[in-house]
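A.B. asks: This is the structure I have questions about; it appears just below.
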Amino acid sequence: MIRYATARDLDAITALHREARATYYRGHLPDDAFEGPAELARSRQGWAAAVDRGDAVLCAESDGALTGVAAFRPVGGAMTLTQLHVAPAHWRRGTGSRLHTACVEAWRAAGVAGARLEVFEHNARARAFYAHHGWVPDPVAPRSGNHLVLRLAVTPEAAARGERRVT
């Protein structure tokens, strides 16, 4: 089941976020950068702010347990998928695809033609997931620090035009 997050979900979201990030940051960044006490507090505050300001924060559940989370909002005038994480124990079960589909459906309903995201360059699993779902490197600004910038044409009309700009 996919549903919108509430404040009651914050502890589970923060724990899932930490667990997922550890899988791709470990060995590339110091552990405190993704799972130290200060980072965990910052992460929870960030998720709380997202829920409080009304960002779209979607939760995937299975048997009452949180298995994935995704968040999106306009950033600098561009629809941005800011987070998409699946609990490692639930990889390869369709959770990420269901969350992705829910995001795309929300964008289409809102008239969004395209979206952007940034993915950690060493996160090969996520890069393959996004490529499978049609995301391509941004031809204008393909990097942001140690992250790759990807674009997705959301509407069929934008895809037919080869449009990768975000609106």
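A.B. asks: Can you find even one residue in the range 81-89 that is at pLDDT 95 or above and in contact with a Cys (Cβ under 8 Å, 6 or more places away or on another chain)?
C.D. replies: Yes.
For every residue, the table says whether it meets (1) in a strand (DSSP E or B); (2) under 17 Å from residue 24 (Cβ atoms); (3) of a type outside the set (A, V, I, L, M, F, W, C).
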position: 58; (1), (2), (3): yes, no, no
position: 81; (1), (2), (3): yes, yes, no
position: 84; (1), (2), (3): yes, yes, no
position: 101; (1), (2), (3): no, no, yes
position: 107; (1), (2), (3): no, no, no
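A.B. asks: Are there any pairs, at least 6 apart or on different chains, whose C-beta atoms fall under 8 Å, with the first in the range 104-115 and closer than 13 Å to residue 56 by Cα and the second part of a loop (DSSP other than H, G, I, E, B), and if so, which?
C.D. replies: Hits for this filter: 104/154; 107/154.
A.B. asks: Among the residues of the range 7-18, are any among the basic types (Lys, Arg) and over 14 Å from the mean Cα position of the chain (by Cα)?
C.D. replies: Applying the first criterion (among the basic types (Lys, Arg)) to the range 7-18 yields 8, 18.
Next cut, over 14 Å from the mean Cα position of the chain (by Cα) only: 8.
Yes, that holds for at least one residue.
A.B. asks: Go over the candidates 151, 73, 93 one by one and state the one that is surrounded by 13 or more Cβ atoms within 10 Å (Cβ to Cβ) and assigned to a loop (DSSP other than H, G, I, E, B). Explain how you work it out, then say what you get.
C.D. replies: On the way: 151 fails: assigned to a loop (DSSP other than H, G, I, E, B); 73 fails: assigned to a loop (DSSP other than H, G, I, E, B).
Just one listed residue meets the conditions, 93.
A.B. asks: Do you know which of the residues in the range 76-89 that are within 16 Å of the chain's Cα centre (by Cα) and farther than 22 Å from residue 149 by Cβ is surrounded by the fewest Cβ atoms within 10 Å (Cβ to Cβ)? Working first, answer last.
C.D. replies: Of all residues in the range 76-89, those within 16 Å of the chain's Cα centre (by Cα) come to 78-88.
Restricting the remaining residues to those that are farther than 22 Å from residue 149 by Cβ gives 87-88.
Numbers: 87: 21, 88: 12.
Result: 88.
A.B. asks: Which number in (1) more than 17 Å from residue 14 (Cα to Cα); (2) assigned to a helix (DSSP H, G or I) marks the one condition that residue 52 misses?
C.D. replies: Of everything listed in (1) more than 17 Å from residue 14 (Cα to Cα); (2) assigned to a helix (DSSP H, G or I), residue 52 misses just condition (1).
A.B. asks: Another question about this same structure. Kindly list, by first and then second residue, each pair from a residue in the range 8-20 that is touching a residue at least 24 places away in the same chain (Cβ under 8 Å) to a residue that is surrounded by 15 or more Cβ atoms within 10 Å (Cβ to Cβ) and aromatic (Phe, Trp, Tyr), limited to pairs with Cβ atoms under 9 Å and residues at least 6 apart or on different chains.
C.D. replies: 9/47; 10/47; 13/47; 14/47; 17/47; 18/34
The values are calculated or read from the model by the stated rules, or taken from the named source; none is laboratory data. Note that the structure is predicted; figures quoted are calculated from it, not measured. Please note: Cβ atoms are built from the backbone with ideal geometry, for glycine as well, and neighbour counts cover all protein chains shown.
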